[in-house]
Amino acid sequence: MSDDPAMIRSMVLLVAGFGALLAGAQRAGYDQPYRPQVHFSPRENWTNDPNGLVYFRGEYHLFFQYNPFGDVWGHMSWGHAVSTDLLHWRELPVAIPEKAGEMVFTGSVVVDHANSSGLCAAGTECMVAVYTGYRKDEKRTLQNQNLAYSRDAGRTWTRYEGNPVLDLHMSDFRDPSVFWDEKGGSDKKGHWVMAVALPLEHKVRLYRSPDLKQWTQMSEFGPMGAVSGDWECPDLVRVPPEKKGGAEVWVMKVGLNPGALQGGSGEQYFVGSFDGTRFNVGTESGAHGWTNYGKDDYCAISFNNLPAGAKPMLLGWMSNWQYAAKLPTSPWRGQMSVPRRLSYVRDAAGVALRQEPVIAQLRGAHAGVVSAAEIVREAPFEMVLHFDPKAQTAFGVKLYSDEEHWTEIGFDPVTRVFYMDRMHAGEAVAPEFPVKTDAPLSKDRLYDLHLIVDRSSVEAFAQDGTIAMTNLVFPRSPRTRVVFFARDGEKPAVKGEVWTLRSIW
Ligand code: FRU
C-alpha cells in the first residue's frame, strides 16, 4: 500500500464515497410512503414472527418468518438480518429455506458454548437453531422440533441429519424457545430448557436436554388466563427489578390467536417463579397482564446470549393475524417492533412488566415541549411527555396527518383507561382495523407517555412503561401536527421533549 498522503486521502475519499453510494442505494429501497424508518422490515416480501433472536460475537441476529417468493404467508423460511446496535439492520440472504416440503416455522437460536450438541467444529462454540418443522399433505399435518447449525456466525446453516429431535406426531406442537439454565441438571452444571406450545390445549410444555438432541419433559403450564384461541410463541424470561435490590422474577409470555384482548392475535404474560422444573404463576395483583395493549405486537421473543448484566430484551412482529395479509404496503409486508428492555416494577398497584424501548441512538434535532407548543414533525419522531398527575378529566395528544385524519392517544382518569384511537387515522385496511384500543390505567402510577411515531405505526409506552400499546396506522402523510387536548376544553399541563429520529436505512 502507498504511503503518499495525497494517495491515501484520495483512497479514503473513494472508499467513503463508495460507502455513501451503498448507503444511498440501501435507502432508495426503503423510502416508500409507509416504509418504517426506525423499525426493521424486509426489503421485499412477507414477514411474520421474529425468530432466533441472539447476540453472538458483537452482532445481534434477527431471524424472521419469511416468504422469499411473495408478500403473503407461504414457503415459510427463516429470513436474516444483523445489527451491531439493535437498530440499524442489514438484511442477509435467507438463512434456513423451506426444503423438501418442510417449512421452517418459529423457533430460537442458542449459542452452544461448550459444543454440547457436537454440532460445532471440535473444541469451538457455534450457533444452533431449534425450529418447528411443518409438513402438510392430503393425509396429515405434522409439526415437530428440529435443529440446524451454523459454524460461521449465522451466514450458512446445515440441517441436523438426526432431525426431528422432538416429535409427538401431532398436528399442532410448535414454537420452541430454548435457553441455557446454568443451574440445571442433576450435577447442577447446567442444561438446556425448551418452552414449546401445545396450541390447541392451551399449554406450554417445558423440556430439558443436555445436548439439544434428547429432550425430556419436565412440566406443563396452562390452561390459564385467556384461552379462547391457539397458544403460540411461548417465552420464559428471567426479569430483573427496575430498582436495584429486589429479587428476579420469571415471566411466561404466551401468544394467543385469535381471542386476544383487542381481538385477533395478542399476547399475555404471567409473573411467577421457575424452580428449574416448573413455572409457577404468582398470586399478587398484576401477575397476569398483557404484553401489549394495542393490536399490533405478536410473537415477541427475547434475545439469547446477551452480554452479562444486560437487561432481557423483547422484540415482536408488529401486526395482527386479522388483517396482516391486507396491509397496504409494497413491495414488503410486515415489520418488527422496536426492541424493548425488560424489567418489572412492584408498587401500590401491584407487579407489572416494564418495557423501555431501545431508540435513543437515533435521536436527532431536539426541542422542549409545553402544552401551548405548535409542534410539527415529519415521522419518524419521538416524544417523552409528562402530564399533570392531578388531572381530573380525559386528556392527551392528537397526531394529525391532515385536517381530517388523526390518531389520538389519551388518559382518562374518570373511566380509568389509557387508550389509542386510530379510527380516523387514515387507510382503514380491514373491518377490524379502525378501532380504539385501551388498557387499565392505574391511579397509583404517573401519567407519563413515551411515543415512537414512524411512517406506519405508533408505539406508546405509558405509566413508566408498564403499559405498552403498539398500533399500525396508515396516515395521509408523514408530516404530523401534534395537538394537546383535554376534555374540559383547557390545554392539559404537560412538559416534555421531542426528537426527530434518524432513519435506520
Ligand atoms: C405465529 C405462528 C407460529 C408459527 C408461525 C408460522 O404467528 O402461527 O405459531 O410458528 O406463525 O409462520
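Observations on the structure shown:
- Filter result for residue 234 (within 25 Å of the chain's Cα centre (by Cα), under 19 Å from residue 265 (Cβ atoms) and in a strand (DSSP E or B)): yes
- Taking the criterion of being within 16 Å of the ligand (Cβ to nearest atom) and open to solvent by 10 Å² or more (accessible area, probe 1.4 Å), the residues of region 237-259 that qualify are 257, 258, 259.
- Top-ranked residue of region 186-207 - restricted to ones that are surrounded by fewer than 20 Cβ atoms within 10 Å (Cβ to Cβ) and charged (D, E, K, R), ranked as nearest to residue 268 (Cα to Cα): 203
- All strands (runs of 3 or more DSSP E) inside region 47-99 with 3 or more residues being farther than 22 Å from residue 174 by Cβ and assigned by TED's automatic domain parsing to the domain that holds residue 128: 77-83, 90-96
- Residue list for region 119-139, restricted to those being loosely packed, with under 12 Cβ neighbours inside 10 Å and either polar (S, T, N, Q) or modelled with pLDDT of 95 or more (or both): 121, 122, 123, 124
- Residue 389 meets the conditions (1) more than 13 Å from residue 462 (Cβ to Cβ); (2) assigned to a loop (DSSP other than H, G, I, E, B); (3) not hydrophobic (A, V, I, L, M, F, W, C) in every case but one. The failed one is (1).
- Checked against the criterion of being closer than 25 Å to residue 474 by Cβ, assigned to a strand (DSSP E or B) and either open to solvent by 10 Å² or more (accessible area, probe 1.4 Å) or modelled with pLDDT of 95 or more (or both), the candidates 368, 364 yield just one match: 364.
- Filter result for the condition that a residue is hydrophobic (A, V, I, L, M, F, W, C) and away from the ligand (no atom under 16 Å from the Cβ), over 111, 94: 111
- Taking the criterion of being buried (at least 19 other Cβ atoms within 10 Å of the Cβ) and either touching a Ser or Thr at 6+ places or on another chain (Cβ under 6 Å) or among the β-branched types (Val, Ile, Thr) (or both), the residues of region 260-280 that qualify are 262, 267, 269, 271.
- Selected residue (criterion: modelled with the highest pLDDT) from residues of region 175-200 that are acidic (Asp, Glu) and away from the ligand (no atom under 14 Å from the Cβ): 181
- Count of region 479-504 residues which are assigned to a loop (DSSP other than H, G, I, E, B), open to solvent by less than 20 Å² (accessible area, probe 1.4 Å) and hydrophobic (A, V, I, L, M, F, W, C): 1
- Pair list, Cβ < 7 Å and 6+ apart or interchain, from region 96-116 residues that are under 12 Å from residue 65 (Cβ atoms) to residues that are open to solvent by 20 Å² or more (accessible area, probe 1.4 Å) and among the hydroxyl-bearing types (Ser, Thr, Tyr): 103/134; 105/134
- Lone unmet requirement of (1) in a strand (DSSP E or B); (2) at pLDDT below 95 for residue 449: (2)
- Residue 329 meets each of the listed conditions (1) in a loop (DSSP other than H, G, I, E, B); (2) under 18 Å from the mean Cα position of the chain (by Cα) apart from (2).
So that you can scan it fast, the table gives a plain yes or no per residue for (1) touching a Gly at 6+ places or on another chain (Cβ under 8 Å); (2) of a type in the set (Asp, Glu); (3) at pLDDT below 60:
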| site | (1), (2), (3) |
| --- | --- |
| 13 | no, no, yes |
| 20 | no, no, yes |
| 25 | no, no, yes |
| 30 | no, no, no |
| 38 | no, no, no |
| 42 | yes, no, no |
| 48 | yes, no, no |
| 53 | no, no, no |
| 72 | no, no, no |
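- Number of the condition not met by residue 38 [criteria: (1) more than 16 Å from the ligand (Cβ to nearest atom); (2) buried (at least 21 other Cβ atoms within 10 Å of the Cβ); (3) in the same structural domain as residue 317 (by TED's automatic domain parsing); (4) closer than 21 Å to residue 360 by Cβ]: (3)
- Within region 208-235, the set of residues being open to solvent by less than 10 Å² (accessible area, probe 1.4 Å), more than 16 Å from the ligand (Cβ to nearest atom) and within 24 Å of residue 306 (Cα to Cα) comprises 209, 212.
- Index of the failed condition, residue 75 passing every other in (1) surrounded by 14 or more Cβ atoms within 10 Å (Cβ to Cβ); (2) under 23 Å from residue 215 (Cβ atoms): (2)
The values are calculated or read from the model by the stated rules, or taken from the named source; none is laboratory data. Computed from a predicted structure; not experimentally measured. Note: ideal-geometry Cβ built from the backbone for every residue, glycine included; neighbour counts use all protein chains shown. For accessibility, only protein heavy atoms count, side chains too; no ligands or nucleic acids. Shrake-Rupley method; radii C 1.70, N 1.55, O 1.52, S 1.80 Å.
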